[in-house]
Each structure stands twice: as structure tokens, then as C-alpha cells.
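K.L.:
Please find one structure pasted underneath; my questions will follow.
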Amino acid sequence: MRVARRLTVTSIATLALLAGTGVVTSQAFAHGSRTRPDHIVVRGDVEQRLHLTADDLGKLQQHTVDVTFETSTSSERHTFTGPLLLDVLDAAVPEFDTSVKNDKLRHVVDVTGSDGYEVAVAWGEVDPFFENKQVLVALAQDGVALGDAGPRLVVQGDGHGGRYVSDVTTIRLSVP
Ligand SMILES: Nc1nc2c(c(=O)[nH]1)N[C@H]1C(S)=C(S)[C@@H](COP(=O)(O)O)O[C@H]1N2
Ligand SMILES: [Mo]
């Protein structure tokens, strides 16, 4: 049987907040001639599939991290601000199977950009009782809103930029 991981005060408050803004029930909101949607989708093993705009993500608790990572051409150092990936997932209420020992620890979060670029973060990396790593769905870089560039995945501690997915469009929780 699949049951909600935990319906915390935070997730209830978040769902109420999102319901109040109409986010929980809304579908896509096309945006002029832009090819990318103006929301990200949170789906998979969750009770509530969510479509979240940058405004919605901005209503979750914001965190700021300083990171340094290598790319194929340079070393980048940035300050990113945005909600924790964990809080974004919690807003959708993860469903874990209580009949499977530590079911959450076999779950992964696939994060995909608008170009189809996809990376995985293990649940155990962001779970507060395990690695408790700060992973953000960043809305701002160096104090400037990412805006039309879209949210960016920030994986504190990664030495290479490979998981800093730009223009995140989908976050999916599943067992590989
Ligand atoms: N959407 C998307 N994000 C991406 C990539 C990509 O191809 N598509 N490449 C990654 C890789 S391999 C690196 S090294 C960094 C490069 O960061 P930069 O765009 O700030 O130079 O972006 C990462 N994020
Ligand atoms: Mo890279």
C-alpha cells in the first residue's frame, strides 16, 4: 500500500497556499509564443501532481547557498537563492510504500531541463536524516532573478556543473 510519507504542517500549509492561488488545480498556462512553459511539473510517486510557476516557488521558504563548480571551460562561483528541492517535493506529498523497508532510500528524483537534459538526485542525498545536502530549485543567481532563463537545479557540493540543470521543467520522483 502506498501512503503519504508524512503530511506535515508545512506540506498542509503549502497545499492550502497553493490551493488558494489556484495552482493545485490549474493546468498549463501557455505564454505567448514562448516554447517553454512558465511552470515546472512535479510528478511521479506523489499524491498531488503540481504545476508550479516561479511565483509559486517563491512562496516556499527561500534558501541561499554559495557554490563553486567546474564546467568544461571555466570555474564558476555563484550565490543561488530558491526553495529546497525537498520542500518542492514535500509540497506534492511523496508517496512511499510502508511495506518496503526504507522505500524512500531507493527513490530518485529526476530533474529535466527544457532541452531534455536530465540528471538524478537520490532521495537519500536530500533527506534530513541522511546526507541532508542543500539542493535548491534556484530562482535567482547572484541576486538576479533567473526569470525567462527558468529555475536552475543547484547541488551544493558537486565539484562539476553537470547537475546544475538550467531551465528546469520537470521534477519526477520514482524508483528506477
Ligand atoms: N538544461 C541543461 N542544463 C545543463 C546542461 C545542459 O546541457 N542542459 N549542462 C550541464 C553541464 S555539463 C555544465 S558543466 C553546466 C555548465 O554551466 P553553465 O551553463 O553555467 O556554463 O550546466 C549544466 N546544466
Ligand atoms: Mo559539464
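K.L.:
Tell me the label-point distance for the pair S166, S74, using the 7 Å Cα-to-Cβ offset, in nm and rounded to one decimal.
P.N.:
Simple spin-label model gives 1.2 nm for this pair.
K.L.:
How much length, in nm to one decimal, is gained on full extension between Q62 and Q156, taken as 0.36 nm per residue of separation minus their Cα-Cα distance? Let's see the in-between values first.
P.N.:
Working: separation 94, 0.36 × 94 = 33.84 nm, distance 1.50 nm.
The span from Q62 to Q156 would gain 32.3 nm if fully extended.
K.L.:
With each label point set 7 Å from Cα along the Cα-Cβ vector, what nm distance links E47 and D110?
P.N.:
Modelled inter-label distance: 2.5 nm.
K.L.:
Work through the residues other than Q156 whose Cβ is under 9 Å from its Cβ and net out their charges, Lys, Arg +1 and Asp, Glu -1.
P.N.:
Taking every other residue near Q156 into account, the sum is -1.
Coordinate-derived values only; no laboratory data. Just so you know, these numbers come straight off a predicted model, no measurement behind them. Please note: Cβ atoms are built from the backbone with ideal geometry, for glycine as well, and neighbour counts cover all protein chains shown.
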